[in-house]
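Please find one structure pasted underneath; my questions will follow.
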Amino acid sequence: MGHTSLEKLIRLQKKTSNIRNICILAHVDHGKTTLADCLVASNGIISTRLAGKMRYLDSREDEQIRGITMKSSAISLHFTSGESEYLINLIDSPGHVDFSSEVSTAVRLCDGAIVVVDAVEGVCPQTQAVLRQAWLENIRPVLVINKIDRLIVELKLSPQEAYTHLQKILEQVNAVTGALFTSKVLEERAVKEAELEGAVPEGEVPELSGGEQVYDWSAGLEETDDSHLYFSPDQGNVVFASAFDSWGFRCAHCVIPLQTHNHTHTITHTHKISSKGKKPLFVQLVLDNIWSLYDAVVTRRDKEKVEKIVASLGLKVMARDLRHSDPKVLLSAICSQWLPLSQAVLSMVCERLPSPSEMSAERVEKLMSVGTRRFDSLPEKTQQLTQAFLDCVSEDSAPVIVFVSKMFAVDSKALPQNKQRPLTQEELAQRRELARQRHAERQATSQIAEDPDSASAGGAQTATPTNNTNTGKEHAVLKPAEEEEEKKEHFIAFARVYSGVVRRGQRVFVLGPKYDPALTLRTHPRYLSLSCSVSPSLPHSLCLSLSRFLSPSLCCCVAAISAGIGGMEDFILKSATVSTSPACPPFTPLNFEATPIVRVAIEPKHPSEMPKLVHGMRLLNQADPCAEVLIQETGEHVLVTAGEVHLQRCLDDLRERFAKIEISASKPIIPFRETIIRPPKVDMVNEDLGRQQKVAVIHQAKEEQSKYPEGPQVDSGGLVNLTTPNKMATIGVRAVPLPEEATRLLEGSAELIRTMEQFSLFAREGKTLEISQKTLEQIQEFRTRLEGHLQGWKWRNAVERIWAFGPRRCGPNILLNGVEGYQRPSVWQCLEREKEKPEAATLRDFDNSIVSGFQLATLSGPMCEEPLMGVCFSVESWEMKLAPQFTQQDSVEEETASRQGSENSDNETRAAVSGESESGGSNEAEASSSSAGGQSRWRGDVTDCYGPFSGQLIAAMKEACRHAFQAKPQRLMAAMYTCEIMATAEVLGRVYGVLSKREGRVLNEEMKEGTDMFIIRAVLPVAESFGFADEMRKRTSGLASPQLVFSHWEVISSDPFWVPTTEEEYLHFGEKADSANQALKYMNAVRKRKGLYVEEKIVEHAEKQRTLGKNK
């Protein structure tokens, strides 16, 4: 197929049923970009000889050097099938786990996906991840089993063995899809059972005498049809291919039989083919033919047999290809004509994948249901927009609905308006005339130089070159300004139009993630003016493809296509929903598989260039969907990335593209968590901790208390009593470790806890926050599960007594109310629907001070100022000795503060609706506002010499929590990666060596069937992961490459404060602890970075310096 003009692609946009929006998904190095090259070559954009070698869609230099895709790129292709013409918008996505956020941005814009699987490696971790992402976004996938040539050339499998191997790969892929389908069906069945109040659901056995229930989980699965979900060659949704050799086929369009001198296959004698003991039909008619072709061309290089194969297939092969020294060139020339890969893949895409007009109502409702809202709870005008999605109408009367998945940074030179356009005939004639004049002037000047006698006659002729020189100077003056404009970075919004027509200069609303259409429809029912929660924008340029070159500017973009929209960088940070209707809700946020965990502090080499660094980091934050830019309390500019490769790419972009200055990056900032555990029964050398040793520790603590009688009082059970400096309040706090299951539950339920906290905040201000029934059910389930994890006498009624969560009011730590006789509103009041009753109790007036002290204590622990995790603080006593005038003054000013807080909350709500405030910052603001509010109430006459009483209470609560934490065995928690490595048997020992050197722990090891590859699953601390991939590749000569994904937090078993004391301990560890304490090493490293005190010897072996003169 030849090159397709832009006008033809624009004309094809108008027929929605013939548009396909697809993306290519796969594990790293499974052949996505090579496959994309073959598809691009089918449109004549690149040569078919360069397909697979050019990597056309990898437009970045570092992508070409590393050989992996780092940015998703899009291109529009034209395909003809019979009499129908199709427009295919193709997006090539990365396969490396560090860039999985780019996969999320690509999947949201598509209706279908091509999943590529390596025929040798099979289903890998990222294959499972991309299948899960496609499932979550409700897009339909098709399968391409790539690199089948490796089965022939590398593994030397016979056709029968390859047939069995391909069957197993299909089973593996279908098993992943089946697991996703099963979880969905069971979830839907559980919802239906919850709706049937009191009735025994179908397939469920009534409750037994022992209190247990038995469920028939297969009941829902048998009723649901799942035949369309799986990949099967007879359904036409599987292509067998070798993208590097440019061939591929589907069983629906089966292979033409080869007829050579020594074997002939026809489809006659069917009874012989299907008889017992014979080869399967697929092997006889398909694989045998391909194997014989490879044998003739690559293995034996039999020219006579090759010529007969070419003649029997009716192909035309150039003489230079037949003479070429590389047999792969001849093989590609034959296969690209016999089994064209682009024809097989694109025909499968057009037949099996849906058009934009076939979008399911389920996907539309899922896109429009943000956060805790249900689709049924959205306003009626918002629900009516569903029809605009389903119809996908490209009319001016239809509402414009666009989703921007990311902002794409481009140079000014790459913009369509800055490209050189083709010259017209008149312009070409003018340039020819100018060229003739310049040539005549040059000849005249040379004649004057040769004949000095005619200098006087040439005076008039030399005027023109002088004028040209002046003109050149004028151009030189203007050149720096033009260069500065060219160097400026521009952003193109990578978007999908779901409804309506987008035109240049059109006014649209940019809807942030916290925008609420119900609030806007109430305040502006007739859309007469813009609400504060949306921003008007004017897109000034539109383009069609986002590959190496942007298409020329378009006048409009119709529904169902993916396009680039310019002029939105001032309104959109990373992603947003754009619409002409304020009734449109923001789309659900993107599902990111990788969590940003790697942090570095960045500073410029020259301090005067700090403004450039700040500007460059702002551009980087906008251009990368996964990168985060923070400014810490210490003033450090911190960059947060998903992994080591992602970090390196971001630093290169910052140096060469966005900031364009020399920068220095710190060593990676490793996050840790602090926690406590139950008292261990043995010490570091596995010796029993007897009662005498415990009593000695208690006596030592009491001696320290006697030295500082004004300090906290700690009893043998770990209860800490602390009095405020003015002696008016005493707090008793005890720290207890939370069960591991409860900690994980709290960590995974942060959004629900934040919703509960927001409801409580509204209730304190006398307002009502509407929460959907689905969210209430989730909160109830969260409460039930938490009660199940907190079992035992010491956790009696603990869930009912929860005072707050922390840090930032939604963290994995709990504050319990154990004060006798003190009743306060429950954190579960959204379930109870009880309004908060005003209480005149003295303790209630200072409730926020206790909570603020708890938030500060959990935000930075005593070990190395890292956040706490899995700790429960129980306030067991709280005594107040306030004078009456203190209480009265406080209660009066409490009302004033609450009114001010109400106004502030309104402002915060407006900011949240507009999407300008982030959750982390708002939560920190809540903690600081409560303390600031308390301090402002005590700036009157009641302030004593120790400062405001509320501030004293906050400080006392914080110190009491820290001392209660220190009274228990303290431990560090390290961030852990899940590591999956594929390696051969000969390098298995080296892999284990690298893992053990870096504190890794192998979970399991299994051999991949049909290959000599082993799959090793391990966990590795994030602190030890830097340089791990490079070291692994060096030690194994490139035969093993790890995939690292953040998994969980894990307690480091060693005690950071333990030192050897007995003779046995010195025997095991030595005086200088020959085996280093890993937890102490991590803790001291964090304390050094933060400027905290570190107890260590600076000089270990001091000797008097001796000069050379004294030694003589």
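The values are calculated or read from the model by the stated rules, or taken from the named source; none is laboratory data. Keep in mind it's a predicted model, so treat the numbers as computed, not measured. For neighbour counting, all protein chains shown are included, and Cβ atoms are generated from backbone atoms with ideal geometry for every residue, glycine included. These accessible areas exclude ligands, DNA and RNA; they are computed on the full protein's heavy atoms, side chains included. Shrake-Rupley method; radii C 1.70, N 1.55, O 1.52, S 1.80 Å.
Have a look at Ile65, Leu155, Val120 and report the one farthest towards the positive end of the charge dipole of the range 8-167, computed about the Cα centre with Cβ charges (Lys/Arg +1, Asp/Glu -1).
Checking the options against the dipole of the range 8-167, the answer is Ile65.
Then there is this: Using a simple spin-label model with points 7 Å from Cα along the Cα→Cβ vector, what separation in nm is obtained for Glu61 and Ser996?
4.3 nm
How do Ser360, Ser292, Ser325 stack up against each other in accessible area, from largest to smallest, with a 1.4 angstrom probe? Before the final figure, lay out each step's value.
Working: Ser360 50, Ser292 15, Ser325 95 Å².
The residues order as Ser325, Ser360, Ser292, largest area first.
Then there is this: Please tell me which of these pairs span more than 26 angstrom C-alpha to C-alpha: Lys1034/Lys1090; Lys406/Lys514; Lys147/Lys366; Lys32/Lys514; Lys305/Lys328?
Lys1034/Lys1090; Lys147/Lys366; Lys32/Lys514
So, one more: Can you run phi through the Karplus equation (6.51, -1.76, 1.60; θ = phi - 60°) for the range 797-814 and list ³J(HN,Hα) in whole Hz, with x for Gly and Pro?
Ordered by residue, 3J(HN,Hα) equals 6, 5, 5, 5, 9, 5, 8, 6, 10, x, x, 6, 6, 8, x, x, 10, 10 Hz.
Determine which residues of the range 94-129 fall in the zone a paramagnetic label at Gln506 would reach in this model, i.e. backbone nitrogen under 19 Å from the point 7 Å along Cα→Cβ.
The answer is 109-110.
Counting only heavy atoms of protein chains, what accessible area per residue, in Å², does the range 951-997 have with a probe of 1.4 Å?
So the range 951-997 comes to 31 Å² accessible per residue, rounded to a whole number.
Next question, about the same structure. Using label points projected 7 Å from each Cα along Cα→Cβ, tell me how many nm separate Val1094 and Gln384, to one decimal.
6.6 nm
Towards the positive end of the charge dipole of the range 993-1038, with charges on Cβ (+1 Lys, Arg; -1 Asp, Glu), say which of Met1013, Phe1026, Val1002 has the farthest Cα.
Highest projection toward the positive end goes to Phe1026.
I've got another one for you. Report the trypsin sites (Lys or Arg not before Pro) located in the range 20-95 that are in a DSSP loop and have at most 14 other Cβ atoms inside 10 Å of their Cβ, or state none.
Qualifying residues, ordered by number: Lys53.
With a 1.4 Å probe and all protein chains kept in place, how much accessible area does Thr182 have, in Å² rounded to the nearest 10?
Counting only protein heavy atoms, Thr182 exposes about 40 Å² to solvent.
R0 = 35 Å: FRET efficiency of Ser446 with Asp411, Cβ-based, nearest 0.05?
Step by step, r from the Cβ atoms, then E = 0.30.
Round to the nearest 0.05 the FRET efficiency obtained for Gln167 and Ser312 when R0 = 30 Å and r is the Cβ-Cβ distance.
Working: r = 29 Å, r/R0 = 0.98.
After rounding, the FRET efficiency stands at 0.55.
Under a plain spin-label model, where a point goes 7 Å from the Cα along Cα-to-Cβ, how far apart in nm are Glu832 and Ala435?
8.8 nm
Which value, in Å² rounded to 10, gives the accessible area of Ile561 with a 1.4 Å probe and all protein chains present?
0 Å²
Please report the accessible area of Thr580 (heavy atoms, 1.4 Å probe, ligands and nucleic acids excluded) in Å², nearest 10.
Answer for Thr580: close to 50 Å² accessible.
Sticking with this one: Can you work out the FRET efficiency for the pair Arg764 and Glu800, with r the C-beta to C-beta distance and R0 = 25 Å, to the nearest 0.05?
Computed FRET efficiency for Arg764 and Glu800 comes out at 0.80.
Could you sort Leu988, Leu573 by accessible area so the largest value comes first, with the probe set to 1.4 Å? Please report the intermediate quantities before stating the final value.
Working: Leu988 25, Leu573 85 Å².
Result of the area sort, largest leading: Leu573, Leu988.
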